[in-house]
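What follows is a set of notes on a single structure, which appears directly below.
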Amino acid sequence: MEDQAAAVVPLNQQIQTINIIPQFDVRQILTGLHDGKEIVESLDEDNVITTSQRRLLVRILVSYLVENPTSETKKALALGLVQSFACLKDSSSSGSEIWYTPGRSHRPATGFLVERLRNIRKRLRSTSRSRSTAQTTSPQTPDDDAALARPLIPECTISDERASQFKEWLRNNSQPLSQVETYMENTAVYRAKWIRENSWTIDQILEEFPRLMTKGMIAQDFLVLHGEAASKLFETWLTIYAEKVLYLARQEGNLTLPLDGLTPDGVGELALRQLPGLLPPTTYKVGRGRGAKVVRHTNFECSLAFIDHKAPGINMVEYLHEAKASKPYPHVLTLGNDGSASQAFVIISGQTLEQETLLQAIDVCFKAFFVFDVEYPKQCEHVWKFMQNVIYEIPGGESKMVTFFKTRILACK
């Protein structure tokens with residue numbers, strides 16, 4: 001019997017493991033399912049999908065990731081999606097970051113596909129621990145970038161000593177109005193820095209700077225601080241966004257009434273009222289550990305936090321008293337019959353600033369968040385972020401929901 005020598009494989013001939021990244025034909029995946037066919041038809045015919053279709057799309061695609069959910073396969077699936085349907089591309093370099101963004105700098109990956117996978121894993125862990133029915137909605141924690149953007153404050157053009165003198169004069173005088181306007185303009189930067197450094201409540205700020213509630217002063221402060229952004233809403237809402245928002249609202253089934261007979265201003269107002277339904281609130285946690293509470297606001301709560309509507313003849317004193325306790329953030333109140341606004345107000349800390357139109361009220365209310373340096377209310381956070389990132393073009397804290405909504409608007413024919 002011959003001796004058999006052990007085979008020695010040279011290093012350069014050793015077998016290497018190669019990870020093959022799959023190529024996803026998303027169109028083929030979707031057309032293989034009845035519900036997927038409807039999504040493809042909507043994308044091909046209208047260049048847009050509804051929120052419910054987007055959720056279904058994600059559920060279908062993630063089912064292809066469960067067996068092998070590596071970062072490379074997630075990236076390949078996201079790229080396959082936007083390559084199949086260009087209208088789903090976002091403004092990022094890859095065009096697919098709202099669907100999948102790799103983790104970086106000790107921050108986790110984000111995107112619709114990742115969130116769906118996390119929810120599946122949470123439900124599986126919950127089932128294995130308790131053997132009870134898994135929750136259908138997993139709580140989400142706000143992104144670190146979700147806080148109100150804090151742009152740089154420009155340099156003050158007067159000395160702190162002079163600004164302090166103007167401030168004292170303004171605390172004790174409300175006339176003549178021209179003098180108030182001049183001193184308020186001169187102290188806008190000083191005031192903004194003071195507010196940011198002290199982190200006071202709106203009540204405390206108004207005690208220190210009472211003339212902020214003089215009509216036009218919030219808008220003037222914003223103009224000094226943010227320049228070109230100040231006029232964006234009036235320049236673009238009716239000309240670019242209103243009709244597209246109404247189109248998307250009709251696609252979602254939120255708008256069934258005809259638009260016949262509406263004036264351009266009426267179209268603009270109706271479009272503003274559709275935003276809470278198109279940018280609904282998301283689930284978030286309050287607190288930490290076992291004591292954490294999961295909060296999910298309804299679309300109705302979102303609408304009330306954005307624009308509260310009442311019939312004419314309400315007791316305004318009672319309303320303001322209740323609103324100061326229940327809505328400690330700036331919001332809009334309209335009065336009128338059948339949902340139309342015959343009067344529009346901005347409500348700030350139990351005080352009113354009446355405006356001529358709903359569009360003007362939305363403008364002043366948005367600017368108040370920046371002037372008082374307060375965060376948007378969670379109930380309608382995505383609505384105000386849409387106004388900030390898309391309408392006023394102020395960067396910072398753009399959520400995936402806002403990015404997706406912007407993508408849908410840009411895709412509208």
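Per this entry, E375 is counted among residues that are surrounded by fewer than 16 Cβ atoms within 10 Å (Cβ to Cβ), charged (D, E, K, R), touching a helix residue (DSSP H, G or I) at 6+ places or on another chain (Cβ under 9 Å) and not assigned by TED's automatic domain parsing to the domain that holds I49. Residues in the stretch 151-186 that are part of a loop (DSSP other than H, G, I, E, B) and among the charged types (D, E, K, R): E155 only. Among residues that are of a type outside the set (A, V, I, L, M) and touching a Lys or Arg at 6+ places or on another chain (Cβ under 6 Å), C380 is not included. Can you tell me how many residues in the stretch 59-92 are modelled with pLDDT under 85 and under 22 Å from the mean Cα position of the chain (by Cα)? Result for the stretch 59-92: 1.
Condition check for V180 on (1) among the aliphatic types (A, V, I, L, M); (2) over 30 Å from S340 (Cβ atoms); (3) under 28 Å from the mean Cα position of the chain (by Cα): one failure, at (3).
Only a single criterion out of (1) free of Cβ contacts under 8 Å to residues at least 24 places away in the same chain; (2) of a type outside the set (S, T, N, Q); (3) part of a helix (DSSP H, G or I) is not satisfied by D260, namely (3). For R118, state whether it is at pLDDT 75 or above, assigned to a helix (DSSP H, G or I) and not assigned by TED's automatic domain parsing to the domain that holds N389. In short, yes.
Of the residues making up the stretch 237-255, at least one is assigned by TED's automatic domain parsing to the domain that holds P395 and within 16 Å of C365 (Cα to Cα). Taking the conditions (1) in contact with a Leu (Cβ under 9 Å, 6 or more places away or on another chain); (2) buried (at least 18 other Cβ atoms within 10 Å of the Cβ); (3) not in a helix (DSSP H, G or I) in turn, N254 satisfies each one other than (2).
Which of the residues that make up the stretch 190-229 are free of Cβ contacts under 8 Å to residues at least 40 places away in the same chain, crowded, with 18+ Cβ neighbours inside 10 Å and either closer than 21 Å to H331 by Cα or in contact with a strand residue (DSSP E or B) (Cβ under 6 Å, 6 or more places away or on another chain) (or both)? If the condition is that a residue be free of Cβ contacts under 8 Å to residues at least 40 places away in the same chain, crowded, with 18+ Cβ neighbours inside 10 Å and either closer than 21 Å to H331 by Cα or in contact with a strand residue (DSSP E or B) (Cβ under 6 Å, 6 or more places away or on another chain) (or both), then M217, Q220 are the ones that fit.
Count of the stretch 69-110 residues, restricted to those that are without any contact (Cβ under 8 Å) to a residue 60 or more places away in the chain, crowded, with 17+ Cβ neighbours inside 10 Å and not in a loop (DSSP other than H, G, I, E, B), is 13.
If I filter the stretch 395-413 down to residues being assigned to a loop (DSSP other than H, G, I, E, B) and either on the phi > 0 side of the Ramachandran plot or under 12 Å from the mean Cα position of the chain (by Cα) (or both), which single residue comes out as surrounded by the fewest Cβ atoms within 10 Å (Cβ to Cβ)? Filtering first and then ranking leaves P395. Only residues that are free of Cβ contacts under 8 Å to residues at least 60 places away in the same chain and either crowded, with 19+ Cβ neighbours inside 10 Å or in a loop (DSSP other than H, G, I, E, B) (or both) were counted in the stretch 231-251, giving 3.
The values are calculated or read from the model by the stated rules, or taken from the named source; none is laboratory data. Computed from a prediction, not measured in an experiment: that's the story for all the values here. Because the Cβ atoms are built from the backbone with ideal geometry, glycine has one as well, and the counts that use them run over all protein chains shown.
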